[in-house]
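The values are calculated or read from the model by the stated rules, or taken from the named source; none is laboratory data. Since we're looking at a predicted model, the values are computed, not measured. Cβ atoms come from the backbone with ideal geometry, glycine included; neighbour counts cover every protein chain shown. Areas reflect the complete protein model, heavy atoms only, side chains present, ligands, DNA and RNA absent. Shrake-Rupley method; radii C 1.70, N 1.55, O 1.52, S 1.80 Å.
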Amino acid sequence: MQTVEHDYIGGYKHTPVTPEIIHYFNECLPDINAKLGTKWTYMIILACWSQVVAGTNYKGYVAGDGYDCAHVVIFKPLGDGKPEVKEAFKVMD
């Protein structure tokens, strides 16, 4: 079976992981740990999608210490606003 990815107006689209996106996720690592109940010292963004709203939502499939994986959504407001974690949940234990 072949899967086809579509971009929808207002929806998420696949986004390359850039140094800027890595910075947003790293800046939010303490909040990600708090939501997940983890003590990750680092994480790797395995895949990323973005959605333009009044700023940008970045949905990342990430792996941290111990190979735990999670889905994390970070909102980066327009301008100089700080990124913030909107949701985070583990997908493997």
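Considering only C-alpha atoms, what is the centroid distance from the range 22-40 to the range 58-85, in Å?
Here the two parts' Cα centres lie 7 Å apart.
Skip the ligands, DNA and RNA, and give the accessible area per residue of the chain with a 1.4 Å probe, whole Å².
65 Å²
Accessible area, 1.4 Å probe, largest first: how do Leu29, Leu46, Leu78 sort?
So, going from the largest accessible area down, we get Leu78, Leu46, Leu29.
Here are several values of Kirkwood radius over Cα pairs in Å: (1) 13.3; (2) 13.7; (3) 14.3. Which one was derived from the coordinates shown?
The value computed from this structure is option (2).
Once the Cβ-Cβ distance between Lys39 and Thr18 is put in as r, and R0 is 30 Å, what FRET efficiency do you end up with, to the nearest 0.05?
The computed FRET efficiency comes out at 0.70.
Connecting C-alpha atoms closer than 10 Å in a GNM of the chain, tell me which of Asp80, Asp31, Asp65 has the biggest fluctuation.
Asp80
Which order do you get for His71, His14 if you rank them by accessible area with a 1.4 Å probe, largest at the top?
Result, largest first: His14, His71.
Counting only protein chains, not ligands or nucleic acids, how are Tyr67, Tyr24 ordered by accessible area (probe 1.4 Å), most first?
From most accessible down to least: Tyr67, Tyr24.
How large a share of the accessible area of the chain, in percent, is made up of carbon and sulfur atoms when the probe is 1.4 Å and the other protein chains stay in place?
56 percent
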